[in-house]
1. Could you tell me whether any residue of the range 134-153 is surrounded by fewer than 17 Cβ atoms within 10 Å (Cβ to Cβ), within 20 Å of the chain's Cα centre (by Cα) and farther than 20 Å from VAL97 by Cβ?
2. Just the residues that are farther than 19 Å from ASP31 by Cα, of a type in the set (Asp, Glu) and outside any helix (DSSP H, G or I), please, taken from the range 135-156.
3. Of the conditions (1) within 30 Å of ILE53 (Cα to Cα); (2) among the polar types (S, T, N, Q); (3) more than 18 Å from the chain's Cα centre (by Cα); (4) at pLDDT 95 or above, SER183 fails just one. Which one is it?
4. Condition first: closer than 16 Å to PRO40 by Cα and without any contact (Cβ under 8 Å) to a residue 12 or more places away in the chain. Now tell me which residues in the range 173-199 satisfy that.
5. When residues of the range 104-142 are filtered for being among the small types (Gly, Ala, Ser) and more than 23 Å from PRO45 (Cβ to Cβ), how many remain?
6. Among the residues of the range 182-192, are any crowded, with 20+ Cβ neighbours inside 10 Å and assigned by TED's automatic domain parsing to the domain that holds PRO45?
7. Assess whether PHE44 counts as being in contact (Cβ under 8 Å) with a residue 24 or more places away in the chain, aromatic (Phe, Trp, Tyr), farther than 30 Å from VAL187 by Cβ and outside any strand (DSSP E or B).
8. Among the residues of the range 65-90, count how many are aromatic (Phe, Trp, Tyr) and either outside any loop (DSSP other than H, G, I, E, B) or touching a Ser or Thr at 6+ places or on another chain (Cβ under 6 Å) (or both).
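The values are calculated or read from the model by the stated rules, or taken from the named source; none is laboratory data. Quantities reported herein were computed from a predicted structural model and do not represent experimental measurements. Positions of Cβ are generated from backbone atoms using ideal geometry, with glycine treated the same way; all protein chains shown enter the neighbour counts.
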Amino acid sequence: MASAQRSLMQQTGILDKQDVLETEPASTRPDTTIALVAMPRVLFPSTFMPLNIFEPRYSRMVKECLALQVGVGIIYSEQTFPADTGTKELSHLINHVGTYGAISDWYAQQDQTLSLSIDGLERFQIIELTQEEDGLLKAKVRWLPEPLDMPVPEEYKPLADLLQQIAHHPLAKDCHFNFNLHSANTVSLALAHHLPFSDKDKQLLLECKNAEERLSILSLWIAG
């Protein structure tokens, strides 16, 4: 699967992470330092992620984010990072692409863990990474500019139909989905979020340069 993905990335023009950093036009927004959660899951813009936390470093993160009214970065990593992680181990996250999200809801569980809802807002790329004394990761990030939205191209209208089927599925009746089926951004991000791809595959979709590229890959993967 990995070799097929690499071939697909070359065919469709997906670049390596360093290439993305060097070739995408710079955002006009200044670089920003954000709190970071590294986990084997992917958050997309315009989607949400439920998240349970129990470690003291993340409890502090939530308190600070709520007090300062700022969000948190979610970055895909198969590796976890305890408080004593060395600089070398952290360095492989440099240039990785993640999603900045807002904590839209939270409540304490009986076991003293916190349940959060994270709303995905926009993508970023890590340019510097540090770890604080309690293990909380902080990243200096550059914001990735998002292309203007476009209508779903005719060749990808079946993907919009698929998203409509998902929205009307009996198991989704309590979700109250209201997708804009004419928006290429909405269709590509919602399908990337809802379809049962591995999170490693979802990360490739997150790194796509635009919605049309993401729709192209989704179409190929669904066709099998």
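1. No, that holds for no residue.
2. Matches in the range 135-156: ASP149 only.
3. (1)
4. Answer for the range 173-199, where residues must be closer than 16 Å to PRO40 by Cα and without any contact (Cβ under 8 Å) to a residue 12 or more places away in the chain: PRO196, SER198.
5. Result for the range 104-142: 2.
6. Among the residues of the range 182-192, not one is crowded, with 20+ Cβ neighbours inside 10 Å and assigned by TED's automatic domain parsing to the domain that holds PRO45, which makes the answer no.
7. No; evaluated as a whole, the condition is false for this residue.
8. 1
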